[in-house]
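Data first, discussion second: the structure below is written as structure tokens.
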Amino acid sequence: MKPSAPPQTYRVKSFGCQMNVYDGERMAELLSERGIQPAAEGEDADLVILNTCHIREKAQEKVYSDVGRLVLAGKQSGKKPLIAVAGCVAQAEGEEIMKRAPAVSIVVGPQAYHRLPEMLDKAAKGERATDTDMPAIAKFDALPRRRKRGPSAFLTVQEGCDKFCTYCVVPYTRGAEISRPFKDLIAEVQRLVEAGAKEIMLLGQNVNAWRGEDDRGRRTGLAGLIHALAKIDGLERLRYTTSHPNDMEDALIAAHGEVDKLMPYLHLPVQSGSDRVLKAMNRQHSADSYLKIIEKFRAVRPDIAIAGDFIVGFPGETEAEFEETLRIVDEVRYAACFSFKYSPRPGTPAATMDGQIAPEVMAERLQRLQERLAHHQYAFNQASVGTTCKVLVDRTGRDPGQWLGKSPWLQSVWFEGEAAIGDLVEVTLAAAGPVSLKGLVGQTVSV
Ligand code: SAH
Ligand code: SF4
Ligand code: F3S
């Protein structure tokens, strides 16, 4: 590769989970710190970072087609961008990417972002650079202080996964479970709140596996962290995602009855309602033990919104086993859900299991599941009509005077009136649609 002028502008394109979005924001801050500016909307950037996700199929192919598109655009404009591939595909397929895509100058895995500046220096000299080491916590220490503004901010508190569900790439792409230290997290939230954040979403692949030592040196779990964060003035709302049933501690359940700032929302994936399938998935919990956890949450917080993830068509899944998934959906009455067709991931045990399910069977099951999930989501929204709650305004609506925000149950709510982004506005939920609600300011609604 020829030496090139250092980039002046960048663009980060993040795919996948919220942790990737968080990482993308941190990489952007790192580049800004080096004097590289974000490219203006619609303009080509000198440096493009594709922050990729590997969780389901086609991720890899998407990287190659995105790279191809960037190369073509560069040819047309005469301005060849420097291309970096980051994220989970970079971690899993780094070498392959370097071989197959000569236009890629940098491959950087999710635990090595803090080394981007050195890699950019190398690229400027015309060398290609790969870093997929996993120095675990190091990246958080080495990244610059956060500057993000906005009413709601993500904060990664835990990374990695030791669970090794047989279908999943995350333990391989993100590495072992680690928890960021308590005092770093308190400091980062303080800075985010000073910069205007009203709500913090604590993130982790298994966020409730977070463990640390509080300011008095006592061992504590996520509940302890939440109690401490709730004391920060100016912080109004706390959320966390995604939890794993096996890491659920009673103190976290109890926190939902004790901490007003902790929102009544729980994302607790179950994946399947069949114990045989759960066992083959290596989930290490049963449908029943999952339901018992939900029951405990509802006992302390009866209005809690439950969300989950589902996989249909895991190898060997029979029609009867799939129906057990529909049954658990009806039992839990989810307020929101994410559902996927099983996707064989290279290198995972499930990819070579017998009984791979035909695509048309998966498609049909997914459709039936999504109908049930949509039904419950709509029912949950309808049951909220008449409730008065606060909406955290995060966007303007289509028409002047229209605002959009989130209810405590993470529903999208729109309303008309005087407000600004970042306000917590009290509304009465007046009408429900399948995925959003209409709120009225200063009025009560009879239902
Ligand atoms: N740690 C979280 C989930 C992280 S991955 C948990 O265990 O709950 C997000 C979701 O992607 C998973 O919950 C699962 O539903 C889905 N997923 C992961 N691997 C998949 C695969 N190979 N095929 C289809 N969906 C998958
Ligand atoms: Fe993947 Fe399972 Fe870990 Fe979740 S718990 S990230 S699904 S291996
Ligand atoms: Fe995707 Fe990696 Fe997140 S595979 S879902 S970006 S942890």
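Values in this text are rule-based calculations from the coordinates and carry no lab data. What you are looking at is a predicted structure, and each value in this text was computed from that prediction instead of being measured. As a convention, Cβ positions derive from the backbone with ideal geometry for all residues, glycine included, and neighbour counts pool all protein chains shown.
The orientation-averaged projected area of the convex hull spanned by the Cα atoms of the stretch 333-447 comes to 10.0 nm².
Based on other C-beta atoms within 10 Å, arrange V332, V413 from fewest to most.
The most exposed by this proxy come first: V332, V413.
Would you mind getting me the FRET efficiency between E319 and S286? Use the beta-carbon distance for r and R0 = 22 Å, nearest 0.05.
Between E319 and S286 the formula returns 0.60.
Pairs over the 25 Å Cα-Cα cut-off, from the set K13/K390; K79/K125; K13/K75; K75/K122; K58/K125; K139/K183: K13/K390; K58/K125.
Relative contact order, whole percent, for the chain stands at 10, derived from Cα pairs under 8 Å and 6 or more residues apart.
For F340, nonlocal amide neighbours, meaning residues 5 or more places apart or on other chains whose placed amide H falls under 5 Å from its own, are F310, I311, V312. Calculated on C-alpha atoms, the gyration radius of the stretch 65-176 divided by its Kirkwood radius gives an Rg/Rh of 1.02.
When the P(r) of the stretch 388-440 is calculated, the portion above 14 Å amounts to 39% of the C-alpha pairs. The three principal axes of the C-alpha atoms in the stretch 16-124 carry coordinate ranges of 32, 30, 27 Å, sorted with the longest axis first. Bridge orientation summary for the chain: considering DSSP beta bridges with both residues in this region, about 35 percent are antiparallel.
May I ask you to list the GluC sites (Glu not before Pro) in the stretch 1-48 that are in a DSSP loop and have at most 14 other Cβ atoms within 10 Å of their Cβ?
E41, E43
Counting every other Cβ atom within 10 Å of each residue's Cβ, W403, W414, W210 order from fewest to most as W414, W403, W210. By the Cβ rule of 4.7 Å, the chain holds the following cysteines without a possible disulfide partner: C17, C53, C88, C161, C337, C389. A protection proxy built from the mean count of other Cβ atoms within 10 Å ranks the segments 346-355, 251-260, most packed first, as 251-260, 346-355.
Taking all Cα pairs closer than 8 Å and separated by 6 or more residues, the relative contact order of the stretch 139-384 comes to 16 percent.
Footprinting exposure proxy ranking of S4, S272, S179, fewest other C-beta atoms within 10 angstrom first, gives S4, S179, S272.
How large is the Kirkwood hydrodynamic radius of the chain, counting all unique pairs of alpha carbons, in Å?
Mean inverse Cα-Cα distance, inverted, gives 23.5 Å.
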